[in-house]
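Worksheet for the structure shown next.
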Amino acid sequence: MPFSSRHLLAFAVTVLMAVSVAEAQAQVPNNPYRPNYEWGNLPDDRVWGATSAMYPSPDGNLWVAERCGQNSCVGSDLDPVLLMDPDGNVLDSFGAGMISWPHGMFVESNGNVWITDAATSGAEEEGLGHTVLKFSPTGELLMTLGTPGEAGDPPTHLNRPNDVVVAPNGDIFVVDSHNPTSPNRIVKFDSEGNYITTIGETGYEPGQFLEPHAIAMDSQGRLFVGDRYNNRIQILDQDGEFIAAWTQFGRPSGIYIDEHDIMYVADSESGPAPNNYTGQRNAGWERGIRIGDARTGWVMHFIPETWNTPEMGVMNYSGPEGVAVDHEGNVYGAEVSQRRVVKFTRLHPMMVPVRPE
């Protein structure tokens, strides 16, 4: 049937509406954040070490665990765990001589701080590593999961644990270990630290892992596991039943989910080209922080790194491995290779991530 003038008018209105929507979307930048590479005023001429553990405190400040000015705290007398305000000033610290290689962190609503000590060279000789440590906000050690200085299997041992999350009912989930070959598991404990079960094994299938590097929980109580060598996030229920696998957030090293189910995923290892050091680790993807909706999987914003060099043969990680968000919506990337924390300030209040309806 030939077009009438009414059809042509309707078509023209549709085109104009589409153009208007596209123009409106184009005015909202994909990266509405400004980086501050000088964040963090460490005392006594102290310098940043490798940093991957970071989490917001209930009082609006931020907990950071860094590796004592280097990539290990073995033999150091520095406190690796720092409480910092959003301007980067150190308010308190603890943990000297208690942690060899801080890797992951979780902070409860009551302020208790959980840190995974994934162990490093010399840690076992010092009786450190292979543990998850629960501290009070003032640094009192409240619980130890695993046997310090000894790698092994549950119920009494862990093997280089990467990260930890605590459910509202107090159940504890630990992703173990920092190695893609084995054991690749989630270890579940009750609120008293009693072993409940082990979830997962080495592999590529749903419910299997290759270096589960990060873990977070959304408002529904679902577990989001950064299955790093499989270049995906796996979503499980608390019994370990597989729900979904998402690849659109890149190669996950760190995951943080806020109270609105906005998810922040740090990708520290993807690369636009293969690399002799890393192998082909998610080649074709940019490194940075992806921000999206934990309910739908929709990615809304991307904070790219600014120094990526894609040449073959260059050992070229960006950090950030850890990611956190403060009460004002500013994003923090904890970087291992660059040995710093970068604060990404939100440019405008209206540019906060909003879940698509």
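The values are calculated or read from the model by the stated rules, or taken from the named source; none is laboratory data. All values derive from a computational prediction rather than experimental measurement. Don't worry about glycine lacking a Cβ; one is built from the backbone with ideal geometry, like all the others, and counts go over all protein chains shown.
Select from the range 79-95 the residues that are within 16 Å of ALA53 (Cα to Cα) and either aliphatic (A, V, I, L, M) or under 18 Å from the mean Cα position of the chain (by Cα) (or both) and list them in ascending order.
VAL81, LEU82, LEU83, MET84, VAL90
Quick check on my filter: what residues within the range 60-78 are in contact with a strand residue (DSSP E or B) (Cβ under 6 Å, 6 or more places away or on another chain) and not hydrophobic (A, V, I, L, M, F, W, C)?
ASN61, GLU66
Being farther than 19 Å from GLY226 by Cα and of a type in the set (A, V, I, L, M, F, W, C) is the filter here, so list the residues in the range 143-192 that pass it.
MET143, LEU145, ALA151, PHE189, listed by residue number.
From the list ALA151, ALA96, ALA123, which one is touching a residue at least 12 places away in the same chain (Cβ under 8 Å), hydrophobic (A, V, I, L, M, F, W, C) and under 29 Å from GLY60 (Cβ atoms)? Before the answer, list the steps.
Values: ALA151 fails: under 29 Å from GLY60 (Cβ atoms); ALA123 fails: under 29 Å from GLY60 (Cβ atoms).
Checking each option against the conditions leaves just ALA96.
Any chance the range 72-82 includes a residue that's in contact with an Asp or Glu (Cβ under 8 Å, 6 or more places away or on another chain), touching a residue at least 60 places away in the same chain (Cβ under 8 Å) and surrounded by 23 or more Cβ atoms within 10 Å (Cβ to Cβ)?
There is no residue in the range 72-82 that is in contact with an Asp or Glu (Cβ under 8 Å, 6 or more places away or on another chain), touching a residue at least 60 places away in the same chain (Cβ under 8 Å) and surrounded by 23 or more Cβ atoms within 10 Å (Cβ to Cβ).
What are the pairs with Cβ atoms under 6 angstrom where one residue, in the range 318-344, is farther than 14 Å from TYR37 by Cβ and the other, located anywhere, is part of a loop (DSSP other than H, G, I, E, B) and among the acidic types (Asp, Glu)? Sequence gap at least six, or different chains.
Between residues of the range 318-344 that are farther than 14 Å from TYR37 by Cβ and residues that are part of a loop (DSSP other than H, G, I, E, B) and among the acidic types (Asp, Glu), the close pairs are VAL325/ASP258; VAL336/GLU321.
Test each condition in (1) buried (at least 24 other Cβ atoms within 10 Å of the Cβ); (2) assigned to a loop (DSSP other than H, G, I, E, B); (3) in contact with a strand residue (DSSP E or B) (Cβ under 6 Å, 6 or more places away or on another chain) for ILE115 and report the one that comes out false.
Result: ILE115 passes all but (2).
Checking THR247 against (1) at pLDDT below 95; (2) hydroxyl-bearing (Ser, Thr, Tyr); (3) more than 17 Å from ALA324 (Cα to Cα), which single condition isn't satisfied?
Every condition holds for THR247 apart from (1).
Six or more apart or on different chains, Cβ under 6 Å: which pairs go from a residue in the range 175-201 that's free of Cβ contacts under 8 Å to residues at least 60 places away in the same chain and surrounded by fewer than 17 Cβ atoms within 10 Å (Cβ to Cβ) to one that's part of a loop (DSSP other than H, G, I, E, B) and hydrophobic (A, V, I, L, M, F, W, C)? Could you list them?
Listed pairs, sorted by first residue: PRO180/LEU210.
Among the residues in the range 118-127, are any assigned to a strand (DSSP E or B) and among the β-branched types (Val, Ile, Thr)?
no
Considering each residue of the range 48-102, count those that are among the β-branched types (Val, Ile, Thr) and either outside any loop (DSSP other than H, G, I, E, B) or closer than 20 Å to VAL323 by Cα (or both), and give that number.
So the count comes out to 4.
Would you point out which residue out of GLY271, GLY254, GLY313 is modelled with pLDDT of 95 or more and either under 23 Å from TYR33 (Cα atoms) or out of contact with any helix residue (DSSP H, G or I) (no Cβ under 8 Å at 6 or more places or on another chain) (or both)?
Numbers: GLY271 fails: modelled with pLDDT of 95 or more; GLY313 fails: modelled with pLDDT of 95 or more.
Only one candidate passes the filter, namely GLY254.
From THR306, THR345, which residue is of a type in the set (S, T, N, Q), surrounded by fewer than 15 Cβ atoms within 10 Å (Cβ to Cβ) and either at pLDDT 95 or above or in contact with a Pro (Cβ under 9 Å, 6 or more places away or on another chain) (or both)? Steps first, please.
On the way: THR345 fails: surrounded by fewer than 15 Cβ atoms within 10 Å (Cβ to Cβ).
Step by step, each of THR306, THR345 is checked, and only THR306 is of a type in the set (S, T, N, Q), surrounded by fewer than 15 Cβ atoms within 10 Å (Cβ to Cβ) and either at pLDDT 95 or above or in contact with a Pro (Cβ under 9 Å, 6 or more places away or on another chain) (or both).
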